[in-house]
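Structure, as structure tokens:
The values are calculated or read from the model by the stated rules, or taken from the named source; none is laboratory data. Owing to the predicted nature of the structure, the values given are computational and were not obtained by experimental measurement. Note that we place each Cβ from the backbone using ideal geometry, even for glycine, and neighbour counts take in every protein chain shown.
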Amino acid sequence: TSALTGADGSVTQGTILIEGARDRLNDAASFTATASGTADFGAGQQFSFTQIGGVSYFSLPNGTCQAMSGANPNSNLFSVFLDDGGVLGELTGAQPGDPPTATVNDVLTDHYVFDETNLDPADPTTPDVTAVNGDIYLAVDGGHVVRILMMGQGSSNLLNGIDGDGDIEYELNYFDFGVPVVIEAPAGCNQAGASGDYPMLADASNAATVAGVLTYTSAATMAEATAFYKDEMTAAGWSLAQEVGDPATGLALTFTNEGQTVQVTLTAQAGGVLIAIVELP
């Protein structure tokens, strides 16, 4: 939940609720993100992501669906939005909380507290945080995250892709550990495509078009790939309409040009970045 004020004085206030499941045994994950208030994802207030083995599916806010195959090309998208690492990075120096232990989501946990001084200075989003106070609850048996609570101030573009300063509240809960889940692919997930001639990084490799989505990999960093597409697409006459995500782990850049819309998704992976390009209706 956030209330953010942009440079032009506009106020964005809303909530993004993300609910999902993960099946580690069968290498599958899914979640649905729903925005409320004035928050949106560019073309609507809901999108879904499903990853099963080596195939990832995106149900977009405009009602279309994309599918990609490969060696889990976007399996870390679950981590970007729902895993503790996607939120906190390398959290260090957290102190025991009061009380030091607590039962949370039916799990006995160790309780720790942290503030902005405990955030990872190498994380590119850390400078956006002005102040934060949080609680993290780790399972006594296993050490996995059960709950994270945070309240703070800073800058973010998560609500609608526009940078704003203000207050942010965040809560993450894990529950139903060990309970079997069934994760299935959405039907008809192949309706979008990328058929145009779009710029590609010079070292592009593993290029493929799967279900109408152009994908390839590069050894470039996220920052380099992001700058490349902003520069090259602008030079080709496209305008950046929206930028949503984490610049360190995953970004979706939406460009428009004379009634056409193209989305470029960049996802960090070992040794570089995965790029996916799709034309949207």
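Here are the numbers for this structure:
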read-out	value
When residues of region 244-259 are limited to those that are of a type in the set (A, V, I, L, M, F, W, C) and either under 12 Å from the mean Cα position of the chain (by Cα) or under 15 Å from S156 (Cβ atoms) (or both), the one surrounded by the fewest Cβ atoms within 10 Å (Cβ to Cβ)	A248
Residues (among the hydroxyl-bearing types (S, T, Y) and modelled with pLDDT of 80 or more) located in region 7-21	T15
Pick from region 100-141, criterion at pLDDT below 90 and of a type in the set (V, I, T), ranking: farthest from M222 (Cα to Cα)	T130
Selection within region 235-259 - of a type outside the set (A, V, I, L, M, F, W, C), free of Cβ contacts under 8 Å to residues at least 60 places away in the same chain and in contact with a strand residue (DSSP E or B) (Cβ under 7 Å, 6 or more places away or on another chain)	G237, S239, T256, N257
Any hit, region 150-165, residues being in contact with a Phe, Trp or Tyr (Cβ under 9 Å, 6 or more places away or on another chain), acidic (D, E) and either at pLDDT below 90 or farther than 23 Å from I52 by Cα (or both)	no
Residue satisfying condition, being modelled with pLDDT of 85 or more and in contact with a Leu (Cβ under 6 Å, 6 or more places away or on another chain), within set E243, E224, E169, E184	E243
Tally, over region 114-144, of residues that are charged (D, E, K, R) and either more than 24 Å from A268 (Cα to Cα) or surrounded by fewer than 13 Cβ atoms within 10 Å (Cβ to Cβ) (or both)	4
Selection status of Q51, modelled with pLDDT of 80 or more, outside any loop (DSSP other than H, G, I, E, B) and closer than 23 Å to E279 by Cβ	yes
Enumeration of residues in region 260-269 that are of a type in the set (A, V, I, L, M, F, W, C) and within 17 Å of the chain's Cα centre (by Cα)	V264, L266, A268
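This table checks each residue for (1) crowded, with 18+ Cβ neighbours inside 10 Å; (2) part of a strand (DSSP E or B); (3) assigned by TED's automatic domain parsing to the domain that holds V55.
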residue	(1), (2), (3)
L214	yes, yes, no
F228	yes, no, no
G237	no, no, no
Q242	yes, yes, no
Q263	yes, yes, no
I275	yes, yes, no
